[in-house]
């Protein structure tokens, strides 16, 4: 799944470098070995304080702008990510995303923020949610940051192809089975068309509830 995530992200021309930010725990050693094989940079930090991990990663590579993609999105859509990145760059804001108002599928989540905004969140964010969810402080304090978000022309929030639990994985396998013969980098539009043609596929993970903060 990580291979697909990284390959898709590399199709976004505005992104200069891709880094795997994982924990120092031994159970994440296989992720590091994977990244080394794929020539992907790695930074290891705290498991629970993910905000600190992101901040230290960005500081280490001297990033001016950070694009956050989580590791459970093997069908991240480069076009949607690029649209979110361009919104950030063209408006010179602190934060952009396609998640504040949910109109895109879960599994295409993209957040873009400046290093200055990340640094402020790192120093000022104090709650457990702030430390665990990286951008929680920014999104919860929009009066302190310049924030914009991307909306889909169609409401596609009913589609869930992130992979959190076994049923999500089975749904992801079904999408891949039906769509990847022609192109492993199939688009959100192709997923939508497939589910209109075979709506029963959504029953595989329809009962899965997204974890709340």
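The values are calculated or read from the model by the stated rules, or taken from the named source; none is laboratory data. Here the structure is a predicted model, which is why all the values come from computation and not from measurement. Note: ideal-geometry Cβ built from the backbone for every residue, glycine included; neighbour counts use all protein chains shown.
This table checks each residue for (1) part of a helix (DSSP H, G or I); (2) surrounded by 16 or more Cβ atoms within 10 Å (Cβ to Cβ); (3) touching a helix residue (DSSP H, G or I) at 6+ places or on another chain (Cβ under 6 Å).
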{"position": "129", "(1), (2), (3)": "yes, no, yes"}
{"position": "138", "(1), (2), (3)": "yes, yes, yes"}
{"position": "157", "(1), (2), (3)": "no, no, no"}
{"position": "162", "(1), (2), (3)": "no, yes, no"}
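Among the candidates 33, 27, 53, 37, single out the residue that is more than 30 Å from residue 189 (Cβ to Cβ) and either surrounded by 18 or more Cβ atoms within 10 Å (Cβ to Cβ) or touching a helix residue (DSSP H, G or I) at 6+ places or on another chain (Cβ under 6 Å) (or both).
Values: 33 fails: either surrounded by 18 or more Cβ atoms within 10 Å (Cβ to Cβ) or touching a helix residue (DSSP H, G or I) at 6+ places or on another chain (Cβ under 6 Å) (or both); 27 fails: either surrounded by 18 or more Cβ atoms within 10 Å (Cβ to Cβ) or touching a helix residue (DSSP H, G or I) at 6+ places or on another chain (Cβ under 6 Å) (or both); 37 fails: either surrounded by 18 or more Cβ atoms within 10 Å (Cβ to Cβ) or touching a helix residue (DSSP H, G or I) at 6+ places or on another chain (Cβ under 6 Å) (or both).
Of 33, 27, 53, 37, the one residue that is more than 30 Å from residue 189 (Cβ to Cβ) and either surrounded by 18 or more Cβ atoms within 10 Å (Cβ to Cβ) or touching a helix residue (DSSP H, G or I) at 6+ places or on another chain (Cβ under 6 Å) (or both) is 53.
Just to be sure I understand, how many residues within segment 62-96 are more than 15 Å from the chain's Cα centre (by Cα) and either crowded, with 23+ Cβ neighbours inside 10 Å or within 24 Å of residue 172 (Cα to Cα) (or both)?
Within segment 62-96, residues that are more than 15 Å from the chain's Cα centre (by Cα) and either crowded, with 23+ Cβ neighbours inside 10 Å or within 24 Å of residue 172 (Cα to Cα) (or both) number 1.
Quick check: is even one residue across segment 42-55 assigned to a helix (DSSP H, G or I) and under 11 Å from residue 112 (Cβ atoms)?
To start, the set of residues in segment 42-55 that are assigned to a helix (DSSP H, G or I) comprises 50-55.
Next cut, under 11 Å from residue 112 (Cβ atoms) only: none.
So far as segment 42-55 goes, no, none of its residues is assigned to a helix (DSSP H, G or I) and under 11 Å from residue 112 (Cβ atoms).
Looking at 182, 116, 109, which is the one that is without any contact (Cβ under 8 Å) to a residue 60 or more places away in the chain, within 22 Å of residue 16 (Cβ to Cβ) and part of a loop (DSSP other than H, G, I, E, B)?
After ruling out the rest, the residue left standing is 109.
What is the residue count in segment 140-155 for residues that are outside any loop (DSSP other than H, G, I, E, B) and under 20 Å from residue 86 (Cβ atoms)?
The total comes to 3.
Conditions (1) modelled with pLDDT of 95 or more; (2) touching a helix residue (DSSP H, G or I) at 6+ places or on another chain (Cβ under 7 Å); (3) within 29 Å of residue 90 (Cα to Cα), marked per residue:
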residue	(1), (2), (3)
107	yes, no, yes
114	yes, no, yes
118	yes, yes, yes
149	yes, no, yes
176	yes, no, no
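Which condition from (1) at negative phi; (2) in contact (Cβ under 8 Å) with a residue 24 or more places away in the chain is the one that residue 134 breaks?
(1)
Name the pairs: first residue in segment 50-66 and free of Cβ contacts under 8 Å to residues at least 60 places away in the same chain and on the phi < 0 side of the Ramachandran plot, second residue part of a loop (DSSP other than H, G, I, E, B) and buried (at least 17 other Cβ atoms within 10 Å of the Cβ), Cβ to Cβ under 8 Å, at least 6 apart or on different chains?
57/63
Select from segment 185-199 the residues that are part of a loop (DSSP other than H, G, I, E, B) and free of Cβ contacts under 8 Å to residues at least 60 places away in the same chain and list them in ascending order.
198
Test residue 99 against the stated conditions and say whether it is within 13 Å of the chain's Cα centre (by Cα) and either under 30 Å from residue 173 (Cβ atoms) or outside any helix (DSSP H, G or I) (or both).
Yes.
Name every residue in segment 109-127 that is surrounded by 13 or more Cβ atoms within 10 Å (Cβ to Cβ), under 20 Å from residue 48 (Cβ atoms) and over 20 Å from the mean Cα position of the chain (by Cα), in order of residue number.
Answer for segment 109-127, where residues must be surrounded by 13 or more Cβ atoms within 10 Å (Cβ to Cβ), under 20 Å from residue 48 (Cβ atoms) and over 20 Å from the mean Cα position of the chain (by Cα): just 125.
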